[in-house]
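Values in this text are rule-based calculations from the coordinates and carry no lab data. Because the structure is predicted, anything quoted here is derived from the model rather than measured. Positions of Cβ are backbone-derived with ideal geometry, glycine not excepted, and every protein chain shown enters the neighbour counts.
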């Protein structure tokens with residue numbers, strides 16, 4: 001972490017330098033919280049995909065569905081093979097999987113993101129702590145110079 | 001006045017180096033994202049059953065592709081990205097070194113300028129040795 005060596009000497013800085021360090025930290029925190037929100041959204045999408053895959057039961061074979069061509073244009077279609085789905089695995093590759101495989105794939109994805117969210121949350125917590133420490137320090141310095 | 005001119009060229013060069021640096025950092029981050037995405041795909045391909053058909057998206061269509069071919073494609077892409085990362089990494093170091101040097105040069109010129117200002121007009125008579133820009 002970049003903030004470790006700064007943390008050592010941070011008591012020697014004057015108020016304006018402290019404000020600068022704090023601005024930097026806040027920028028980093030902003031970036032991290034944005035990433036956190038993005039990951040959350042991705043996780044929700046994967047979860048929805050898994051749930052949709054679960055909906056494609058064998059009992060629904062031959063049922064009519066509306067296939068979206070655009071956001072507002074749909075055409076009717078019939079479900080001919082609910083046992084298989086095409087899964088986007090990234091970088092332009094799609095894999096034909098059975099329904100069960102697809103569900104496993106998506107729950108693995110959700111789990112993968114969950115671990116990432118955990119580490120990200122820890123980092124965000126540490127950054128917040130650092131900022132809080134800086135705020136305290138700035139106030140202490142201000143009080144000192146006032147008296 | 002030659003000191004002023006040198007300061008100007010040195011500082012514009014320094015700014016250019018800083019811009020190059022941020023470009024290189026951006027490229028490095030993009031490559032990292034690509035690397036991790038391709039690695040995820042590779043992991044996904046590694047646990048495919050033989051009956052899982054792989055399609056490649058080319059424009060708006062999906063084209064059926066051999067599993068082995070797709071795997072080797074991802075492998076070559078990974079190799080390419082890794083060599084790109086190495087290239088950008090050396091580029092980054094190069095730019096960092098250059099901008100450090102420029103920074104010290106800038107500091108020297110500023111110090112010389114201050115000296116010249118203190119000595120006022122007599123300093124104008126002795127031209128400083130020019131550093132090749």
Degrees separating the helix A:99-146 axis from the principal Cα axis of chain A, which is the longest one: 20 degrees
Part-to-part distance (alpha-carbon centres) for the stretch B:45-85 and the stretch A:29-104, which is given in Å: 20 Å
Ratio Rg/Rh [Cα only; Rh per Kirkwood] for the stretch A:50-102: 1.00
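Write down Rg/Rh for chain A, rounded to two decimals, with Rg from the C-alpha atoms and Rh from the Kirkwood relation over Cα pairs.
Ratio of gyration radius to Kirkwood radius: 1.28.
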Within the stretch A:107-140: backbone nitrogen closer than 19 Å to the residue A:15 label point (7 Å, Cα to C-beta): A:132-140
Residues residue B:94 and residue A:128, FRET efficiency given R0 of 51 Å [Cβ-Cβ distance, rounded to 0.05]: 0.90
Selected from B:52, B:23, B:38 as most flexible by GNM, with chain B as the system and alpha-carbon contacts under 10 Å: B:52
Shielding by other protein chains, B:32-41, mean Cβ within 10 Å: 2
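Residue by residue through A:84-94, how many Cβ atoms from other chains fall within 10 Å of the Cβ on average?
Shielding by partners across A:84-94 averages 6.
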Distance-filtered residues of the stretch A:89-127 - backbone nitrogen under 17 Å, label point 7 angstrom along residue A:42 Cα→Cβ: A:89-93, A:105-124
Pairwise Cα inverse-distance average, inverted: Kirkwood Rh of the protein assembly as shown (Å): 25.0 Å
Average partner coverage of B:50-56, which counts Cβ from other chains inside 10 Å: 5
